[in-house]
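Inspection log for the structure reproduced underneath, given as structure tokens.
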Amino acid sequence: MSSSKPAITESFAVPPLGCNCTIIGDPECKDAIVVDPGGDVNKILAKLRYYGLTLKRVLITHGHLDHVQGGKELKEKTNCEIIMHQDDLGLYERVADQCRDFGVMNIATDGLPKPDAFVSDGDVIRWSPSFSCKCVHTPGHTPGSTSYYFPECALVCPGDTLFQGSVGRTSWAGIRSLQGTSDSQQLVGSIRNKLFDLPDDTVVISGHGEHTTIGDEKKYNPYVR
């Protein structure tokens, strides 16, 4: 069943490192997904209330601290599910070490909640009667990096795999907790072989910075041309 109304979508930067947190909601049944709740949970909850949405699931693109820390409080306050790829569980569980290495306050001092479910490449989450999400495993930035493609909305949230005119970081000199967790060749392969298979008009809501489109990145991104 397709909705007669477009999905509610809003993306905004949250602390501690300016991650783009994205809310996607069904305007009819009012169920919602939040992608990458890095922090400022009060703002996220205020946005959900403004739209009259009920948070059902948090989708984590990868296990870096700036994309996951708000999930704990959101789960406590909404009883939402937390979903991610299992290959990033180790990073997720060591978020305190990441905070130490980046000089960022650890707001989940007693640890993050255990994920409720793990996704694999090709999984489809039917998160409302009218909208779905395809999980695309795009490793490289991290082993379990996953891009979430919302076909009815023509948008994808790739986390830090793909940016406007750039790609995700794979060098972690001086960052002990992330040593050996990234692969630059794998990252470029994920973009070329998976993200670039999406329709050209797909809007890309990256983990940081401005939005772009798959078509523009195919044409202009110097790292994957």
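The values are calculated or read from the model by the stated rules, or taken from the named source; none is laboratory data. Every value quoted in this text rests on a predicted model; they were computed, and no experiment measured them. Reconstructed Cβ throughout: ideal geometry from the backbone, glycine too, with neighbour counts over all protein chains shown. Just so you know, the surface numbers come from the protein's heavy atoms only, side chains and all, with ligands and any DNA or RNA stripped out. Shrake-Rupley method; radii C 1.70, N 1.55, O 1.52, S 1.80 Å.
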Tell me, yes or no, whether the range 118-139 has at least one residue that is closer than 24 Å to Leu17 by Cβ and part of a loop (DSSP other than H, G, I, E, B). yes
Can you spot a residue in the range 158-181 that is in contact with a strand residue (DSSP E or B) (Cβ under 6 Å, 6 or more places away or on another chain) and open to solvent by 10 Å² or more (accessible area, probe 1.4 Å)? yes
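If you scan the range 196-225, which residues turn out to be assigned to a helix (DSSP H, G or I) and closer than 24 Å to Gly90 by Cβ?
So in the range 196-225, the residues assigned to a helix (DSSP H, G or I) come out as 196-197, 214-220.
Hits for the range 196-225: nothing passes.
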